[in-house]
Amino acid sequence: MAFEIRSKSSLTTEGAKKSYRAYSEAHDSLADKQLAYLFLHDAMEMLEDGGVLAMVEPSGFLYNQNALSFRQSFFSRWRTHEILDFVSVRGLFEADTKVVVVIAEAVPPELDGNMLHAVFRRNGRAKAEQGFDIDYYDLHWLRNADAQRLRDVWRANLFGGNRVRDFIARLRGYPTLRDFAKSAGWEAGEGYLGGKKNATDKVQHLVGKPLLPTEALGPDGIDETKISVVPDHPIKDPKSARSFTPPLLLIKEHQDLYCDLWSGGYLVYKNEIVGFSAPGKLEQLKKTATWLKSQSAVLRAYVAGISSRLITQRATSVFSDDILSLPFPEDGNLDVSANERIIAEDIVEYQRDFIRLGTGARVMQAVPAGALVDFDDVLTSQINAVYTRKPLRVLDAQRWSGAVCKAYVFGDGVVDWSDAHELRSRLDVLLRERRGSSLTVTRITRLYDKSFIFLLKPDRHRFWIRSIALRDADDILADLRAQGF
C-alpha cells in the first residue's frame with residue numbers, strides 16, 4: 001500500500017492530537033510535532049504482519065537532527081527495505097518540498113539485514129516528469145545496525161558513501177572551535193537578530209553603530225566599502241556589546257566558510273555571521289584565522305557532511321552550530337591522509353554542486369583527458385599498495401561518444417582495440433538498464449580477463465573523479481580477493 005502526505009509541523013485536528021498524546025505516552029515527544037512522522041508511525045501499526053508500506057516523508061526524516069530518536073525507533077521496530085532519497089530533486093508533487101520515500105515491512109528487522117539508500121539526482125527527465133535516472137554510485141547498502149546508530153551516514157551517502165562517512169566520523173572525535181573559544185575566554189556566537197518589535201530597550205550598543213552587512217563578508221574577506229550603520233528598527237535578539245568589541249574573527253554562515261579578522265573599531269554584524277571577540281588577544285585570533293584558511297577544503301567538506309541546513313534546507317547556508325562544531329585540535333594537526341584529502345577536495349569542488357544542480361553541474365560535462373590521468377594515478381596507487389609483485393599498469397583507453405573504457409594490466413600486456421568500433425552498438429545495453437517506464441539505472445562494467453582489468457563507464461566527469469577512483473579500487477580489490485587472485 002502507498003500513501004502521499006505533505007509535510008506539516010503542527011497538529012491541527014483532534015485525531016492528530018489524540019494520536020500524538022498516545023505516541024508521547026508510549027515513546028517520547030515527536031520531533032517538531034511532525035504530522036508526517038506520526039502518520040508513518042500509525043500506518044505501520046495498522047499493517048498486518050508482513051504488510052509493506054511505501055510513504056512519502058519530508059527529508060527531515062533522514063536529515064533533521066531532531067528526528068534522530070524517531071528514526072532510530074522506527075528502524076529498530078520495522079524492517080526497512082529501501083529509502084528513496086529525492087532531496088536533490090526539486091518540484092516533486094507540484095511543490096518544492098524535499099522528500100524521501102520510506103518502504104518498510106511490518107516485521108522486526110533482521111539482526112544483520114541491509115537496507116538500500118538510493119539517492120536520486122536532479123536531471124532533465126525528472127524536471128519534465130518523465131521519470132528518474134540513478135547510477136551505480138548512488139546505490140548505498142547499509143547494515144540495519146548502522147542505519148540505526150550512525151547519524152552522519154545519510155549525508156555521507158549524498159557526498160559519496162562509506163569513505164565520506166569514515167572521514168566525518170574521525171573528525172568528530174576532535175575538540176571543536178567552540179571548545180577552544182570557551183577555554184580561551186573568547187565571546188563566541190551569532191550577531192544580532194531583527195524582529196517585529198524590540199525584545200528589550202537595551203539596544204544602545206547597536207542602533208547607529210557601524211554595521212557589517214552579511215553580503216560584505218565574502219571570498220576576499222571584509223569589504224569595508226559596504227559598512228553602514230545599524231538602523232533604528234526593531235531588534236529581537238540584541239546580544240551584548242562584548243560580541244561586537246574588537247578584535248574580531250568573523251565567519252559567514254556559508255558553505256565556503258568565508259572569514260576575516262577585524263581589528264578596527266567597534267563593529268556590529270547580524271545573525272548570519274558567527275563572531276569571536278577576544279580583546280587583547282589579536283595574535284591568537286590571527287593564528288586561528290590562518291589555520292582555518294589553511295584547512296579550508298577539509299573544513300568545508302566536513303561542514304557539508306554534518307550540516308542539517310546545507311542543501312536540505314538552504315542551498316549554500318549552514319547553521320552557526322556547524323561553524324562552532326568545526327574540529328579544532330590543540331596542536332592544529334587534523335592528521336588528514338592523502339585519501340581523505342581527495343574525498344574532501346571532491347566534495348568541495350564537485351559533489352556539493354552535483355547535489356544542487358544534477359545534470360547542470362560542471363561534473364556532468366564530458367571528462368577531460370587530464371582528469372582521466374588523475375583517476376588512473378589514484379586507482380593504480382590503491383591497488384598496487386596490495387599487489388606489489390606485479391604492479392597494475394595503465395594501458396591505452398578507448399573512447400566512444402558517451403562512453404570510456406579504461407584498460408589496465410598486471411605486469412606486461414597490450415590491448416588490441418582494432419575491432420572496438422563493433423562494441424558501439426552494445427554500449428547502451430551494457431551501461432543502461434531500463435526498469436519500467438519511469439526508471440533508468442546507469443551501470444558500470446568491470447571486466448576481468450586473466451591479468452587484464454577493463455572499466456567501462458559513461459564519459460561524464462562524475463564517473464571519473466578521484467574519489468570515485470577510490471571507490472572503484474575498493475570494489476576491484478574485493479572482486480580480486482573473491483576470485484582468489
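When all protein chains stay in place and ligands, DNA and RNA are ignored, the 1.4 Å accessible-area order of K450, K226, largest first, is K450, K226.
Accessible surface of V318, taken over heavy atoms with a 1.4 Å probe and every protein chain present, rounds to 0 Å². A straight line joining the Cα centroids of segment 132-174 and segment 345-375 runs 19 Å. May I ask you to derive the relative contact order of the chain, considering only C-alpha pairs under 8 Å and at least 6 residues apart, and to give it as an integer percent? So the answer I get is 12 percent. If one computes the Cα centroid of segment 243-283 and of segment 377-426, what distance in Å separates the two points? Going from one Cα centre to the other spans 52 Å.
Counting only protein chain heavy atoms and rolling a 1.4 Å probe, the accessible areas of H27, H140 rank, largest first, as H27, H140.
Each label was represented as a point 7 Å from its Cα along the Cα-to-Cβ direction; for R443 and A241 these points are 7.1 nm apart.
Computed on segment 228-310, with alpha-carbon pairs under 8 angstrom and 6+ residues apart, the relative contact order is 30 percent. Of the trypsin sites (Lys or Arg not before Pro) found in segment 319-398, those in coil by DSSP whose Cβ has at most 15 other Cβ atoms within 10 Å are R389. Of the chymotrypsin sites (Phe, Trp or Tyr not before Pro) found in segment 195-284, the ones in coil according to DSSP and having at most 13 other Cβ atoms within 10 Å of their Cβ are Y266. For segment 311-396, applying the loop criterion from DSSP together with a ceiling of 10 other beta carbons within 10 Å to the GluC sites (Glu not before Pro) yields E330.
Going by accessible surface with a 1.4 Å probe and the largest first, W291, W154, W417 read W417, W291, W154.
Length gained on full extension, R149 to A371: 76.3 nm, using 0.36 nm per residue less the C-alpha separation.
The values are calculated or read from the model by the stated rules, or taken from the named source; none is laboratory data. The shown structure was predicted, so the numbers you read here are calculated from the model rather than taken from an experiment. Using ideal geometry, Cβ is built from the backbone for each residue, glycine included, and neighbour counts are taken over all protein chains shown. Note: accessible area is taken over every heavy atom of the protein model, side chains too, but ligands, DNA and RNA are not part of it. Shrake-Rupley method; radii C 1.70, N 1.55, O 1.52, S 1.80 Å.
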